[in-house]
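Below: one structure, written as structure tokens.
Values in this text are rule-based calculations from the coordinates and carry no lab data. Because the structure is predicted, anything quoted here is derived from the model rather than measured. All Cβ positions, even for glycine, are placed from backbone atoms using ideal geometry, and neighbour counts span all protein chains on display.
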Amino acid sequence: MKLTKLGHACVRLEKNGRALVIDPGVLTPQDDALAGVEAVLVTHEHADHLDPDRLRAALAADPDLTVHTCPGAARRLAGLGERVHVVRDGETFTAAGFDVAVAGEHHQRTLPDALPVDNVGFLVDGEVFHPGDAWTVVDAPTVLPALQAPWATVADLVAYLRRAAPRRAFPVHDGLLNEQGLAIFDGVLAAEAQRLGADIRRLRPGQSVDL
């Protein structure tokens, strides 16, 4: 399986000439992010993960493209019928030749007086787990947690990596950071990689790894 980091929280997975994309939101600037994909997985409804206009245009251009997402995000794609598949914690499905397991139910709490929105994570082929905006822990060799977010701290990220104890971690969700901030987080990741004896690092947009 080939994993390519795109903008912010978006990644592309490819295997045997087929591809899917997870979380192509408004902070994913690549115009070709959805080129040639058979399925789009969306963890939740926030704009940095879900761009309804982009998805509607892609679905109109490709009658075979499907979307798999949580109930809250599906409501943002109303009118698309069976092209949008609602998935929930504990369910499994197949998309673009990948076996996908769903884990998690809610976004991390952002405000003390607001209920969190729906959020599901996707474990793809038992290999790579994208938790969306949550600290959901599953048994996966490769994890893609949030590097930085308004709802997260460095301590949260480090605690998650230590709980999950993956062989590889390529944190995403970095679209709000400038170069100085990215450099600080790179240092944190390098320290955790040494501590855990794992491949833990940030991929640059367009950078790929084989899993």
Residues whose placed amide H lies under 5 Å from that of His8, excluding near-sequence neighbours
Asp174, Gly175
Less than 15 Å Cβ to Cβ from Glu192, Lys/Arg counted +1 and Asp/Glu -1: what total charge do the surrounding residues give?
+4
Nonlocal amide H pairs with Asp99, under 5 Å, H built at 1.01 Å
Asp125
Whole-angstrom gap from region 1-38 to region 89-117, using each part's C-alpha centre:
18
Acute angle (nearest 10 degrees) that the helix 52-61 long axis makes with the longest principal axis of the chain, alpha-carbon atoms
50
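I'd like to know how region 134-180 sits against the 2.2 N^0.38 Å rule of thumb: what's its Cα Rg over that expected value?
Working: Rg = 10.7 Å, N = 47, 2.2 N^0.38 = 9.5 Å.
Taking N as the residue count of region 134-180, the ratio is 1.13.
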Points 7 angstrom from Cα along the Cβ direction at Ala57 and Ala190: gap in nanometres?
3.9
Specify the angular offset, from 0 to 90 degrees and rounded to the nearest 10, of the alpha carbon long axis of helix 154-164 from the longest principal axis of the alpha carbons in the chain.
80
Considering the alpha-carbon set of the chain alone, what are its Rg and its Dmax in angstrom?
16.0, 49
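Can you run the Rg to Rh ratio on region 11-80? Use alpha carbon positions and the Kirkwood inverse-distance Rh.
Details: Rg = 11.1 Å, Rh = 12.0 Å.
Taking Rh as the inverse mean 1/r over Cα pairs, Rg/Rh reads 0.93.
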If you count the DSSP beta bridges with both ends in region 22-126, what percent of them are antiparallel, to the nearest 5?
55
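So in region 2-210, what percent of DSSP beta bridges are antiparallel if you round to the nearest 5? Before the final figure, lay out each step's value.
On the way: 24 of 41 bridges.
The antiparallel proportion sits near 60 percent.
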